[in-house]
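Okay, structure first, notes after.
The values are calculated or read from the model by the stated rules, or taken from the named source; none is laboratory data. This is a predicted model, so every value here is computed, not measured. Neighbour counts run over all protein chains shown; Cβ positions are idealised from the backbone, glycine included. Accessible surface areas use protein heavy atoms only, side chains included; no ligands, DNA or RNA. Shrake-Rupley method; radii C 1.70, N 1.55, O 1.52, S 1.80 Å.
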There are 2 protein chains.
Amino acid sequence: MNAGQPRPYELLYWPSIQGRGELIRLVLEEAGAPYVDVARLPESEGGGVAAILRVLKGRTGAAPFAPPILRHGDLLLWQTPNILAWLAPRLSLAPTDEGGRLTANALALTLADFLSEIHDVHHPIGVGLYYEEQKAEALRKARCFAAERLPKFLGYFERSLSDNSASNGKYAVGASLSYVDLELFQLMAGLEYAFPRTLATLRPTLPRLGELAARVAARPRIAAYLASPRRIPFNQKGIFRHYPELDQPGDRPG
Amino acid sequence: MNAGQPRPYELLYWPSIQGRGELIRLVLEEAGAPYVDVARLPESEGGGVAAILRVLKGRTGAAPFAPPILRHGDLLLWQTPNILAWLAPRLSLAPTDEGGRLTANALALTLADFLSEIHDVHHPIGVGLYYEEQKAEALRKARCFAAERLPKFLGYFERSLSDNSASNGKYAVGASLSYVDLELFQLMAGLEYAFPRTLATLRPTLPRLGELAARVAARPRIAAYLASPRRIPFNQKGIFRHYPELDQPGDRPG
């Protein structure tokens with residue numbers, strides 16, 4: 001590597017989905033940081049899923065549990081909130097004060113919990129089973145999700161924005177853009193894909209989240225990324241999946 | 001407060017369960033740190049669940065999503081891995097090097113994910129419903145859990161111990177006890193309560209986890225804590241619940 005050339009970050013994540021890896025891609029893209037999305041390279045260039053499996057199975061010492069994994073020099077990080085809490089400050093996408101950092105991490109962890117719940121709507125019984133094998137349970141869970149969990153989490157994030165007087169409600173933490181805002185953009189984009197009808201009923205109560213998502217999407221580097229082939233389209237293999245039968249805002253849980 | 005007296009940490013957590021708050025109690029107890037378990041005080045002394053609700057609802061600015069919450073001076077932290085990553089280094093229960101800290105946090109986050117899955121075995125459809133209202137789904141999820149998820153997570157933590165050459169397999173990260181080890185003790189104690197039959201079938205494959213749990217339980221401060229009324233017994237309201245019908249090691253998922 002040439003002296004003076006910044007060493008690229010190496011992201012290892014499933015090459016066919018946005019998934020949790022997208023939260024890291026968005027930070028790297030917004031910062032204009034050099035990075036390699038390793039598993040999207042051809043296998044002949046050391047990429048593919050094989051590159052992930054080599055790290056998961058080959059390493060001695062503390063091995064990652066699952067992707068996303070970030071490699072940088074001798075450091076090997078995994079778990080999305082752990083990666084983000086390390087990476088975002090280096091790329092000026094995190095608060096600079098201790099209180100702000102801790103709040104950002106708490107919000108990122110809350111969002112990680114929410115993503116797991118969103119995933120489990122289509123997989124309430126087991127990740128080893130297909131959706132079609134747990135569809136009856138998914139239909140029932142989707143009703144609880146639409147009636148209780150979705151409004152609870154989105155209402156919480158909306159209040160986090162409106163209560164953040166440092167940015168007059170524009171950003172989640174502090175006075176400027178942070179990785180939490182990029183995460184909230186991704187959350188709203190994913191929910192729009194997976195649950196458009198249910199989200200439409202909630203949108204009037206979520207003005208700041210809607211504005212934030214539009215503001216992030218319009219940032220030049222993010223807009224260029226979203227229009228590029230580097231942005232993997234939403235599909236039926238990721239966290240956010242669009243099954244119309246699970247997007248029924250009118251139902252009540254029971 | 002007298003000068004020279006360390007300011008006590010204030011933990012805010014549901015007073016009737018171990019739950020996620022127990023991971024923080026164990027760190028405070030092992031360190032012999034001064035702390036107040038606020039909600040276990042009488043309401044007349046500012047305690048009870050009312051103390052938690054005051055923090056959840058009363059605060060302006062970034063409000064916690066849910067307990068556990070840790071208060072220390074002006075800092076208000078929430079989300080268990082966030083609290084632990086801040087608290088444990090102050091109490092000499094975390095690695096001192098950056099790589100060790102990041103590995104400890106990744107392991108703590110993996111354990112947090114596992115705890116959520118353990119909870120969801122008895123609540124696969126929704127937290128707003130009673131177990132009895134989702135028992136059929138829980139029975140099915142329990143089979144997948146026993147056959148796939150439990151062996152996967154426990155095998156991973158066993159390997160984390162055996163691969164940690166710095167402690168010859170005695171501790172999860174680095175050469176000495178850290179908060180991750182206290183978490184693994186709590187995990188094994190909870191699984192022993194909730195899934196004794198299933199755990200018994202796995203124990204022969206988990207020698208280091210078994211030894212670690214025994215070693216932690218025998219530490220003087222932890223032993224004194226476990227024997228004290230400060231340790232809330234396991235019960236049917238927390239993460240770990242013992243429903244014999246969900247503890248069926250022989251079943252295969254289907």
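Does residue B:238 fit the bill of being small (Gly, Ala, Ser), open to solvent by 60 Å² or more (accessible area, probe 1.4 Å), out of contact with any Pro (no Cβ under 7 Å at 6 or more places or on another chain) and not in a helix (DSSP H, G or I)?
Against the criterion (small (Gly, Ala, Ser), open to solvent by 60 Å² or more (accessible area, probe 1.4 Å), out of contact with any Pro (no Cβ under 7 Å at 6 or more places or on another chain) and not in a helix (DSSP H, G or I)), residue B:238 does not qualify.
Across segment A:65-75, what is the number of residues that are in a loop (DSSP other than H, G, I, E, B) and within 7 Å of chain B (Cβ to nearest Cβ)?
Within segment A:65-75, residues that are in a loop (DSSP other than H, G, I, E, B) and within 7 Å of chain B (Cβ to nearest Cβ) number 1.
Being surrounded by fewer than 20 Cβ atoms within 10 Å (Cβ to Cβ), touching a Phe, Trp or Tyr at 6+ places or on another chain (Cβ under 6 Å) and under 26 Å from residue A:87 (Cα atoms), is that true of even one residue in segment A:193-207?
no
Which one of the conditions (1) surrounded by 23 or more Cβ atoms within 10 Å (Cβ to Cβ); (2) at the interface with another protein chain (Cβ under 9 Å from one of its Cβ atoms) does residue B:116 fail to meet, given that it meets all the rest?
Failing condition for residue B:116: (1).
Which ones in segment A:100-111 are of a type in the set (Gly, Ala, Ser) and either at pLDDT below 95 or buried (at least 22 other Cβ atoms within 10 Å of the Cβ) (or both)?
A:104, A:106, A:108 - these are the residues of segment A:100-111 that are of a type in the set (Gly, Ala, Ser) and either at pLDDT below 95 or buried (at least 22 other Cβ atoms within 10 Å of the Cβ) (or both).
Give the residue that is farthest from residue B:40 (Cα to Cα), with candidates limited to residues of segment B:60-86 that are in contact with a Leu (Cβ under 8 Å, 6 or more places away or on another chain) and small (Gly, Ala, Ser).
Start the filter on segment B:60-86 by keeping residues that are in contact with a Leu (Cβ under 8 Å, 6 or more places away or on another chain), which leaves B:62-64, B:66-71, B:75-84, B:86.
With small (Gly, Ala, Ser) added as a condition, the list becomes B:62-63, B:66.
Working: B:62: 25, B:63: 21, B:66: 17 Å.
Filtering first and then ranking leaves B:62.
Could you list, in sequence order, the residues of segment A:1-48 that are open to solvent by 30 Å² or more (accessible area, probe 1.4 Å) and within 14 Å of the chain's Cα centre (by Cα)?
Result: A:14, A:20.
Just to check your reading of the model, which residue among A:216, A:121 is touching a Lys or Arg at 6+ places or on another chain (Cβ under 6 Å), more than 9 Å from chain B (Cβ to nearest Cβ) and of a type in the set (A, V, I, L, M)?
A:121
In segment B:133-187, what count of residues is obtained for those that are crowded, with 16+ Cβ neighbours inside 10 Å, within 17 Å of residue B:108 (Cα to Cα) and small (Gly, Ala, Ser)?
Result for segment B:133-187: 4.
For the list (1) over 23 Å from residue B:69 (Cα atoms); (2) at pLDDT 95 or above, I need the number of the one condition that residue B:165 fails.
(2)
Please indicate, with yes or no, whether at least one residue in segment A:2-11 is touching a Gly at 6+ places or on another chain (Cβ under 7 Å) and under 27 Å from residue A:241 (Cα atoms).
Checked segment A:2-11: at least one residue is touching a Gly at 6+ places or on another chain (Cβ under 7 Å) and under 27 Å from residue A:241 (Cα atoms).
For segment A:99-203, list the helices (runs of 4 or more DSSP H) that sit wholly inside it and hold at least 3 residues that are over 17 Å from the mean Cα position of the chain (by Cα); which are they? Step through it out loud before you land on a result.
Numbers: elements: A:135-144, A:150-162, A:179-194, A:196-202.
Helices (runs of 4 or more DSSP H) meeting the threshold: A:135-144, A:150-162, A:196-202.
Give the residue that is nearest to the other protein chains (Cβ to nearest Cβ), with candidates limited to residues of segment A:76-92 that are surrounded by fewer than 21 Cβ atoms within 10 Å (Cβ to Cβ) and assigned to a helix (DSSP H, G or I).
Filtering first and then ranking leaves A:86.
Could you check residue A:51 against (1) within 26 Å of residue B:162 (Cα to Cα); (2) open to solvent by 10 Å² or more (accessible area, probe 1.4 Å) and say which number it fails?
It is condition (2) that residue A:51 fails.
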